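Below is one structure, written out as structure tokens, with a few remarks after it.
Just so it is clear, none of the values below were taken in a lab; they were calculated from the coordinates. This one's a predicted model, so the numbers in the text were calculated from it and none came from an experiment. Virtual Cβ from ideal backbone geometry, glycine too; neighbours counted across all protein chains shown.
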Amino acid sequence: MAEDDEPYARIAGWYDAEFAASTADADWHARTLPRGRTLVLGCGTGRVCRTLARDREVLGLDLSPAMVEEARARHPALRVQVGDMRAFSLGTFAGIVIPNAAFSFLATRADQARCLASCAAALEPDGLLVIDVPMPMAELLGTPRTPEKPAWQGGGVLRTREVRRYPVAQKLELVDRYYVPGQPPVRSVLHLRLIWPAELEWMVEAAGMYVERLAGDYADRPPVEGCPRLIAIVRK
């Protein structure tokens, strides 16, 4: 895999340092998902897996070898492996979660449809799928570019972010740069496909499932204008 295709190749440790203390989403998933065998797609460095594994069997899958290596180093007891959420065959699960915008990182509708088909095949009859993506910010879609600005700092590292928007294609390009004193900046580019609530419901239904309900944040409030998340609770 070329580095251009692996945005986490050089920044997995910094990513974990930035997000390791975030617990609101992981706690929400732990409350919502059944306590049977659980699959985390786009598991990253294992943050959500770690919380879920307190009271259930958990398997994490991520396309990034660097992120999986970081997860194994930090949490040796976790079961995590490299794999593609668009096409997996790992048995059946009582719960599947696609956390923290991982579903939005699938670049096309076709990629997302393949992922949902794999999820439908892997869910037990009474299983639950949770898809957690950012709610599109319609008010920003008319702004083609947000210039580079500081986004996080810790452990001697500064991360900045530049955002480029392509509303017709429903795409965002997030250009992150990591600055360490005395070293050249490290650049990591993420591509997100924006998903609207009705579109997510149609995709789920096309895969033979249905959206039981939608949430707009980790307090379980319904989606409203300006809410930060679009969380779908899905069943067969």
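Each helix, a run of at least 4 DSSP H residues, gives -39500 (n - 2.57); summed and divided by the residues of the chain, these come to -7000 deg cm²/dmol at 222 nm. Looking at the chain, the DSSP beta bridges with both ends there are about 70 percent antiparallel. Take every pair of alpha-carbon atoms less than 8 Å apart whose residues are at least six positions apart; their mean separation over the length of region 138-192 yields a relative contact order of 27 percent. Here's how it looks for A151: its modeled amide H is under 5 Å from those of R159, T160, R161, which are all 5 or more places away or on a different chain.
Based on a Kirkwood Rh over C-alpha pairs, give the Stokes-Einstein translational diffusion coefficient of the chain at 37 °C and viscosity 0.692 mPa s in µm²/s.
Numbers: Rh = 18.3 Å.
Value of D from the Cα-based Kirkwood radius: 179 µm²/s.
So, by mean Cβ neighbours within 10 angstrom, what's the order for 98-104, 78-84, 147-153 with the highest one leading?
98-104, 78-84, 147-153
By its C-alpha gyration tensor, with a ≥ b ≥ c as the square roots of the eigenvalues, how is region 138-192 shaped: rounded for a/c under 1.5, else prolate for a/b larger than b/c, else oblate? Verdict is prolate for region 138-192.
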